[in-house]
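Just dropping this structure here.
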């Protein structure tokens with residue numbers, strides 16, 4: 001079957017459908033393990049991990065929203081829940097009080113250290129575990145993100 005402008009050929013369509021199935025099913029598959037192990041949602045884990053990556057485990061809420069692929073209002077609710085559990089705290093940014101920083105607490109870091117190995121195992125189990133496959137997935141994802149960002 002020759003591709004027609006505006007339509008995907010049979011193989012492209014099968015790939016596109018599979019990709020969309022992954023996009024819709026993977027977060028829930030990853031979240032089930034996180035919920036079982038630590039009563040943490042996939043998004044909560046993602047926010048804790050992004051804070052852990054930051055210098056002093058601190059990040060402006062607006063920057064964290066970008067890192068977590070979230071809207072600021074949604075992130076604020078999520079951080080409030082993490083704050084109630086003692087995993088994160090919020091403070092005014094000392095360099096500009098108009099902004100708020102999210103800070104990963106020692107308890108949040110400890111939780112991350114405890115649950116990350118099982119999460120990484122789950123990612124490898126469900127997604128890919130070879131260095132070559134990770135490199136290929138990274139190339140494809142970065143190319144897609146570049147195209148999205150350019151628009």
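Looking only at residues that are surrounded by fewer than 17 Cβ atoms within 10 Å (Cβ to Cβ) and touching a helix residue (DSSP H, G or I) at 6+ places or on another chain (Cβ under 7 Å) in segment 48-60, which one is nearest to residue 95 (Cα to Cα)?
In this case the residue turns out to be 52.
Read through the list (1) under 23 Å from residue 34 (Cβ atoms); (2) assigned to a helix (DSSP H, G or I); (3) within 17 Å of the chain's Cα centre (by Cα), then give the number of the only condition that residue 63 fails.
(1)
Specify which of the listed residues (52, 56) is assigned to a helix (DSSP H, G or I), touching a residue at least 40 places away in the same chain (Cβ under 8 Å) and farther than 28 Å from residue 137 by Cα.
Just a single option satisfies the conditions, and that option is 56.
Another one. For segment 65-76, check the following and say yes or no: at least one residue is under 30 Å from residue 96 (Cβ atoms), touching a strand residue (DSSP E or B) at 6+ places or on another chain (Cβ under 6 Å) and surrounded by 13 or more Cβ atoms within 10 Å (Cβ to Cβ).
no
Being more than 16 Å from the chain's Cα centre (by Cα) and not in a helix (DSSP H, G or I) is the filter here; which residues of segment 105-135 pass it?
105, 128, 129, 130
Still on this structure: Go through segment 20-47 and count every residue that is over 26 Å from residue 73 (Cβ atoms) and surrounded by 12 or more Cβ atoms within 10 Å (Cβ to Cβ).
Result for segment 20-47: 5.
For (1) touching a helix residue (DSSP H, G or I) at 6+ places or on another chain (Cβ under 6 Å); (2) in contact (Cβ under 8 Å) with a residue 12 or more places away in the chain; (3) part of a helix (DSSP H, G or I); (4) closer than 21 Å to residue 64 by Cβ, each residue gets a yes or a no:
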residue: 5; (1), (2), (3), (4): no, no, no, no
residue: 11; (1), (2), (3), (4): no, no, yes, no
residue: 17; (1), (2), (3), (4): no, no, yes, no
residue: 22; (1), (2), (3), (4): no, no, yes, no
residue: 32; (1), (2), (3), (4): no, no, yes, no
residue: 35; (1), (2), (3), (4): no, no, yes, no
residue: 46; (1), (2), (3), (4): no, yes, yes, yes
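A short reminder: the numbers here are calculations on the coordinates, not readings from a lab. What you are looking at is a predicted structure, and each value in this text was computed from that prediction instead of being measured. Positions of Cβ are backbone-derived with ideal geometry, glycine not excepted, and every protein chain shown enters the neighbour counts.
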